[in-house]
Amino acid sequence: MPRQAAASSNAKAAASAAKPDAPNLSAPQKAMHRLGLVRDIDLALHLPLRYEDETVITPLRQARDGQTVQVEGVVRDNRVEVRGRRQLVVKLDDGTGEVLLRFLNFYGSQQKSWGPGVRLRVRGELRVGFFGREMVHPNVRIVSDATPLSTALTPVYPAGAGLPQAYLRKAVEGALKRAPLDEVLPAGVVPPQWPSLRQALHSLHHPSPSASVDALTDHSDPAWQRLKFEELLAQQLSRLQAKAERAHLKAPVLPLRPQGLHERLLGVLPFELTAAQRRVCEEIALDLQRPQPMHRLLQGDVGSGKTVVAALSAAIAMEAGWQCALMAPTEILAEQHFRKLVGWLEPLGVKVAWLTGSLKAKAKREQLAAVASGEAQLVVGTHAVIQDQVEFSRLGLALIDEQHRFGVAQRLQLRRKLDEGDLEPHLLMMSATPIPRTLAMTYLADLEVSTIDELPPGRTPIVTKVFADTRREEVIERIRHEVGKGSQVYWVCPLIDETEETDQTADAMAGRDSAKRPPLDLSNVTHTHIELSEALPEVGVGLLHGRLPAAEKAEVMDRFARGELHVLVATTVIEVGVDVPNASLMVIEHAERFGLSQLHQLRGRVGRGAVASVCVLLYASPLSDSGKQRLRAMAETTDGFEISRRDLDIRGPGEFMGARQSGAALLRFADLAEDQALLAQVQQAAQLLLKQHPEAAQRHIHRWLGQKAEYLKA
Ligand code: ADP
Ligand code: MG
């Protein structure tokens, strides 16, 4: 299909669109490329995050405190003060009142040019400060009596570092003129009361002064409805298309043989499967017998027993003479799987290979050779399993644990790996973060879902307590007590997960500032380790974080699993997979800094044995509103599905899915929680288009997603 950008825009833009990484781009152009703003149509569809009303000037006397307003007046006074920090304070008088403008970062030149008598037009939030009304860091423009006011609301675009609003506004302006905005969707698909795409885009980029800022801001304006519909439709179409494409792929047929490895494995397991585990095993077994590749998500709460389901699925494939790969997002988790699977399967004659980035060259060569020859029927590891040097002899089934923790790049790499043979392997993904139905309907329209909805018997529920950090000593006493009874304890400290790249694109799209993310800081976890070691001299206290060498990590984990260490101070490296049933107390420090699903995953490390377990969430005051909601949710329920629903409520779907879940193509305009009614219309339209207007469906996907369509399939 020809690129629309190349066909329609000027030569220069087309040339740069063809080479997104071209070295001759300016800094703002590069920043635009990072946001996926390559083609004219991408820019035309890059809609404002919000609008600023610079069409009116509000007299100070009428302005309310807390309101964001534009004010114009004359500088009366201007001085640098030191109140804790050096700051520039400008006193502005508009004839109806006075306001202090306060700048913590300023240039000397600003102090000079904003001198007494100068007329300023400023825009900012009005607050009551210690010395009267003030604005902190307002936008400032020097004006004359005759400077005209804006006639339209001023759009503010999602930008991000290195991309000034003024530059982006100009780029959007130009692109809007060039971009092909003809109607792609046939009549009857779009509800007739909405504007055309062209009208909708024009009115959102340049709303008339009479437009309601509220309707624009809350996205209820018909123009927004049209855009949201288009966006959801593109997602839905690309998902359905991926599903249709998959139906043409061929995969090995893996029948369930009586008395095969599958049955023998069931025979040696130290427990009976739960009814839910049996049900999902059957669903998977049915998929494996089909000549099309399985594309299934296995979801089940933390501790619901997904690993054994993976092992049983692998047994079916291996019995049929095919290899399996099991990939986990962290080395610690991969190692736990490796041990468990070796324990179950080696006595049954299965050879299991082990692949991670930290293997020594010689060991790695041996493992790679065993994989390539087919001698190893099962390969367990981190994403090293899908690296280019890994050659499978006959890969039949790929198992991805905690799939949502893998980055987009890794998913694309997995895709490529799976594409290698003549037959495509089956794919089973596992996740403990249940996906709400609305999300499953859109993002995951091309995925089958199996759910384990019960926990194995004999688990005692976890009691969760929320304490202010001031009660730390009491908590340490509690640890002494628990360890005295023979139990073990986790103490978790916050730290950005080292395996996670921060995604600037997602940040910018969501209007967050990447630079504001806390830096990688190990001081918290090391201090707490020292503190606990000193407070509990009679107790073995271990330290675990991602920056330790792999061998040391493994040793610490080992000693904790064997019970030589009683307390493990750790970062979120223990978030997934760690399974020590004797641990019955978990303390999470600065719990307010963790996301809800992360807290739930962490808490799932306890409550794995028969003794009653406790999770203590320590927080530092003051708590934000969403922090309060998260901690309350944790105290009120241990049900992962309920947690997931609340998480969706608190964060909204865009953030809930995150960039890792959905690629660069996360929804920018539609809100799945709010726009459920639209979703039904979109699903209908998608079916109709694919059946009756496949050409239009293609053009629509291309217009909205361009190259991003690839990410969506990952
Ligand atoms: P998750 O779903 O979080 O990955 P795991 O697979 O790690 O859970 O299982 C958690 C624990 O429960 C493991 O120790 C596992 O051996 C055990 N387990 C799994 N299924 C059952 C069962 N049916 N009965 C008893 N224990 C089970
Ligand atoms: Mg697991």
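Values in this text are rule-based calculations from the coordinates and carry no lab data. Quantities reported herein were computed from a predicted structural model and do not represent experimental measurements. Virtual Cβ from ideal backbone geometry, glycine too; neighbours counted across all protein chains shown.
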- Going by alpha carbons, how many degrees (0 to 90, nearest 10) lie between the helix axis of 640-651 and the longest principal axis of the chain? 10 degrees
- Query: Rg/Rh for the chain: what does it come to with C-alpha atoms and Rh from Kirkwood?
  - Reply: 1.01
- Message: Between helix 523-535 and the chain, what is the angle of the helix's C-alpha long axis to the longest principal axis, kept within 0 to 90° and rounded to the nearest 10?
- Response: 50 degrees
- Item | Residue-wise HN-Hα coupling along segment 224-238, computed from phi with Karplus coefficients 6.51, -1.76, 1.60 (Hz; x: Gly, Pro) | 5, 4, 4, 5, 5, 4, 4, 5, 4, 5, 4, 4, 5, 4, 5
- Task: On a 0 to 90° scale, report how tilted helix 408-418 is relative to the longest principal axis of the chain, with both axes built from alpha carbons and the result rounded to the nearest 10.
- Result: 40 degrees
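What is segment 241-301's relative contact order, in percent, from Cα pairs under 8 angstrom and six or more apart in sequence? Write down the numbers at each step before the final one.
Values: 36 pairs, mean separation 34.7, N = 61.
The normalised contact order for segment 241-301 reaches 57 percent.
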- Euclidean distance of C-alpha centroids, segment 246-287 and segment 667-695, integer Å: 35 Å
- Hey, can you rank 280-293, 84-97 by average C-beta count inside 10 Å, highest first? 280-293, 84-97
- Message: Restricting the calculation to Cα positions, tell me the Rg (one decimal) and the Dmax (whole number) of segment 217-344 in Å.
- Response: 19.9, 63
- Query: Counting only DSSP beta bridges with both residues in the chain, what percent are antiparallel, rounded to the nearest 5?
  - Reply: 35 percent
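Give me the percent relative contact order of the chain, please, defined on Cα pairs under 8 angstrom at least 6 residues apart.
Working: 1263 pairs, mean separation 95.1, N = 714.
Normalised by residue count, the contact order of the chain is 13 percent.
Can you tell me which of 448-454, 462-468 comes out highest on packing, and rank the rest after it, using the mean Cβ neighbours within 10 Å?
Numbers: 448-454: 18.0, 462-468: 16.0.
Top to bottom by mean Cβ count within 10 Å: 448-454, 462-468.
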- Message: Sort 481-488, 397-404 by packing, meaning the average of other beta carbons within 10 Å per residue, with the highest value first.
- Response: 397-404, 481-488
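Multiply the residue separation of E636 and H137 by 0.36 nm, subtract the distance between their alpha-carbon atoms, and state the gained length in nm to one decimal.
Values: separation 499, 0.36 × 499 = 179.64 nm, distance 4.11 nm.
Here the answer is 175.5 nm.
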- Task: Please tell me which of these pairs span more than 27 angstrom C-alpha to C-alpha: K364/K553; K228/K250; K30/K360; K351/K553?
- Result: K228/K250; K30/K360
- Query: So how far, in whole Å, is the C-alpha centre of segment 21-100 from the one of segment 113-144?
  - Reply: 11 Å
- Query: Simple spin-label model, 7 Å along Cα-to-Cβ: E391 to V539 in nm?
  - Reply: 5.3 nm
- Query: Label points 7 Å out from Cα along the Cβ direction at R559 and N582: separation in nm?
  - Reply: 1.4 nm
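How large is the helix-only mean residue ellipticity at 222 nm for the chain, computed as the sum of -39500 (n - 2.57) over DSSP H runs with n ≥ 4, divided by its residue count, in deg cm²/dmol to the nearest 500? Show your work: numbers first, answer last.
Details: 27 runs with 289 residues, N = 714.
Here the helix-only value at 222 nm equals -12000 deg cm²/dmol.
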